[in-house]
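Okay, structure first, notes after.
What follows is calculated from the coordinates using simple rules that are stated; it is not laboratory data. All figures in this text were calculated on a predicted structure; none of them were measured in a lab. Quick reminder, even Gly has a Cβ in these numbers, built from the backbone with ideal geometry, and neighbours come from all protein chains shown.
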Amino acid sequence: MVKTASKTLGPKESAEVATRYLKELIPLAEQILVEEVYRAGRGGAWQVTLSYLASIDIDSLLCRQCKVLRVDAKSGEVLSMRILRK
């Protein structure tokens, strides 16, 4: 979690927080890309969409997966992470 001195996080900082969180949760994720960042609702959180390469079977076939993370703009805490359904 990133703490800031009474400053809210911008889109870049929110994407960095989300990327670090994803790396901690899914250490085998490769080539993480920021796909989209926008304010969710009335300024309380950022919605960050990340994609990454992940192995999907024993033969190590890779496919691009997407996750959507909500990052609190004030505290820097990741509030949720969900799968992006295509």
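Just to check I understand the Karplus step: with θ = phi - 60° and J = 6.51 cos²θ - 1.76 cosθ + 1.60, what whole-Hz values come out for the range 27-41, glycine and proline as x?
Each residue's phi maps through the Karplus curve to give x, 8, 5, 10, 6, 6, 10, 7, 9, 6, 9, 8, 6, 9, x Hz.
Enumerate the whole-percent occupancy of each 10 Å bin, from 0 to the last occupied one, for all C-alpha pair distances of the range 11-83.
Reading the bins upward from 0: 21, 51, 20, 7, 1.
Would you mind calculating the gained length between Arg64 and Gln31 on full extension (0.36 nm times residue separation, minus the Cα-Cα distance), in nm to one decimal?
Extra length available between Arg64 and Gln31 comes to 11.0 nm.
Based on other C-beta atoms within 10 Å, arrange Arg42, Arg20 from fewest to most.
Listed from fewest to most nearby Cβ atoms, that is Arg42, Arg20.
Quick one: helix 11-25 against the long Cα principal axis of the chain, what's the angle to the nearest 10°, folded into 0 to 90?
With both axes taken from Cα atoms, the answer is about 40 degrees.
If we count every other residue with Cβ under 13 angstrom of Ile32's Cβ, Lys/Arg +1 and Asp/Glu -1, where does the sum land?
Result for the local shell: 0.
Which cross-chain or sequence-distant (5 or more) residues have an amide H under 5 Å from the amide H of Leu9, H modelled 1.01 Å from N in plane?
Under 5 Å from the amide H of Leu9: Lys74.
Could you give the length gained by full extension between Ile56 and Ser75, i.e. 0.36 nm per residue of separation minus their alpha carbon distance, to one decimal place?
The span from Ile56 to Ser75 would gain 3.4 nm if fully extended.
What is the distance, in nm, between label points placed 7 Å from the Cα along the Cα-to-Cβ direction at Arg20 and at Arg39?
2.4
So what is the relative contact order for the range 11-83, in percent, with contacts set as C-alpha pairs under 8 Å and at least six apart?
Rounded, it is 27 percent for the range 11-83.
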